[in-house]
Amino acid sequence: MTRPPTAAQRRVIDAADPVTGRLRGTEAQLAALVKRGLAFRHPRPPHDHFLTPEGHRVRQGVMQVHEPATEAPATAGVFAARVGGEETAPETGPARRREVHSAWQGLLELRRMTNPDGAVERPCGWERTHLVQAAALAIEAAGHHPAGRGEGGYRVRETPQPEAVAVYEPDSEALRTCAGTLEGAGWQVSEHREPRTGTRYLLASPRRA
């Protein structure tokens with residue numbers, strides 16, 4: 001069920017700093033936005049609150065917010081980048097491209113605000129706790145084609161390795177292009193083959209320095 005922010009929450013979101021996403025509101029309002037994934041509390045004093053990429057997109061009016069289910073993944077109910085192979089995928093077209101662009105710009109702002117040196121070229125803490133979504137957003141924002149049901153395109157998947165995702169793409173040239181995209185987005189990338197099938201894939205980890 002779609003549940004938009006309350007009027008009070010919407011006023012807080014709309015009043016956010018247009019550049020930094022810094023928020024002002026009561027503790028209850030800010031805590032509610034954090035709970036819904038629309039804001040985060042900065043880990044360093046004075047512990048101000050800022051919009052997340054999803055919060056920026058709500059402010060710009062390009063998304064609807066869904067109340068997350070209790071057992072759903074952390075990204076359920078809010079914008080989700082295409083990881084490839086979804087049973088139900090969002091429609092493609094200009095509206096989707098605007099959503100992806102807005103989410104990517106919000107993520108760059110999140111990097112600037114949360115990386116100790118303000119670097120936007122290096123992944124931030126949020127990306128390290130949402131590896132698949134972060135990698136998929138970087139790839140989709142660069143214009144790569146996600147896999148549908150039974151067709152070519154990229155797929156981003158979890159791996160047993162800490163802080164690493166696997167990226168599959170049956171077209172070798174497209175796989176190399178995905179590697180370049182992730183490297184440009186601040187990820188360390190190496191190419192491998194699955195021992196049994198010989199399938200080529202990328203192993204990508206967010207760079208720390």
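Figures for the structure shown
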{"read-out": "Subset of region 16-36 (residues that are closer than 18 Å to L108 by Cα, of a type outside the set (V, I, T) and open to solvent by 30 Å² or more (accessible area, probe 1.4 Å))", "value": "D17, P18, R22"}
{"read-out": "Subset of region 116-137 (residues that are over 18 Å from L38 (Cβ atoms) and out of contact with any Asp or Glu (no Cβ under 9 Å at 6 or more places or on another chain))", "value": "P116, D117, G118, A119, E121, R122, P123, A136"}
{"read-out": "Matching residues in region 189-209 - criterion: being small (G, A, S) and either farther than 13 Å from Y168 by Cβ or under 19 Å from the mean Cα position of the chain (by Cα) (or both)", "value": "S190, A204, S205, A209"}
{"read-out": "Flag if E109 is open to solvent by 10 Å² or more (accessible area, probe 1.4 Å), among the charged types (D, E, K, R), in contact with a Lys or Arg (Cβ under 8 Å, 6 or more places away or on another chain) and assigned to a helix (DSSP H, G or I)", "value": "no"}
{"read-out": "Residue that is nearest to E87 (Cα to Cα), among those in region 146-171 that are touching a helix residue (DSSP H, G or I) at 6+ places or on another chain (Cβ under 7 Å) and not charged (D, E, K, R)", "value": "P146"}
{"read-out": "First in region 150-167 and open to solvent by less than 80 Å² (accessible area, probe 1.4 Å) and modelled with pLDDT of 90 or more, second anywhere and in a loop (DSSP other than H, G, I, E, B) and of a type in the set (D, E), Cβ under 6 Å, 6 or more apart", "value": "Y154/E169"}
{"read-out": "Residue count, region 39-48 (criterion: open to solvent by 20 Å² or more (accessible area, probe 1.4 Å) and touching a strand residue (DSSP E or B) at 6+ places or on another chain (Cβ under 8 Å))", "value": "4"}
{"read-out": "Residues that are closer than 18 Å to G153 by Cα, open to solvent by 10 Å² or more (accessible area, probe 1.4 Å), in contact (Cβ under 8 Å) with a residue 12 or more places away in the chain and not β-branched (V, I, T), drawn from region 177-208", "value": "A179, E191, R200, Y201, L203"}
{"read-out": "Given (1) of a type outside the set (A, V, I, L, M, F, W, C); (2) touching a strand residue (DSSP E or B) at 6+ places or on another chain (Cβ under 7 Å); (3) at positive phi, number of the condition R157 does not satisfy", "value": "(3)"}
{"read-out": "Pair list, Cβ < 6 Å and 6+ apart or interchain, from region 95-107 residues that are among the basic types (K, R) to residues that are surrounded by fewer than 21 Cβ atoms within 10 Å (Cβ to Cβ)", "value": "R96/P90; R98/V62"}
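Here's the yes/no breakdown for (1) modelled with pLDDT under 90; (2) among the polar types (S, T, N, Q); (3) in a loop (DSSP other than H, G, I, E, B):
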residue: V62; (1), (2), (3): yes, no, yes
residue: T70; (1), (2), (3): yes, yes, yes
residue: P73; (1), (2), (3): yes, no, yes
residue: G84; (1), (2), (3): no, no, yes
residue: E127; (1), (2), (3): no, no, no
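One line per residue, one yes/no per condition, for (1) in contact with a helix residue (DSSP H, G or I) (Cβ under 6 Å, 6 or more places away or on another chain); (2) at pLDDT 90 or above; (3) surrounded by 16 or more Cβ atoms within 10 Å (Cβ to Cβ):
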{"residue": "E91", "(1), (2), (3)": "no, no, no"}
{"residue": "A95", "(1), (2), (3)": "no, no, no"}
{"residue": "R98", "(1), (2), (3)": "no, no, no"}
{"residue": "C124", "(1), (2), (3)": "yes, yes, yes"}
{"residue": "G143", "(1), (2), (3)": "no, yes, no"}
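The values are calculated or read from the model by the stated rules, or taken from the named source; none is laboratory data. Since the model is a prediction, treat every value here as computed from it, not as a measurement. Glycine gets a Cβ as well: all are built from the backbone with ideal geometry, and neighbour counts include every protein chain shown. To get the accessible areas, we keep the full protein, side chains included, count just its heavy atoms, and leave off ligands, DNA and RNA. Shrake-Rupley method; radii C 1.70, N 1.55, O 1.52, S 1.80 Å.
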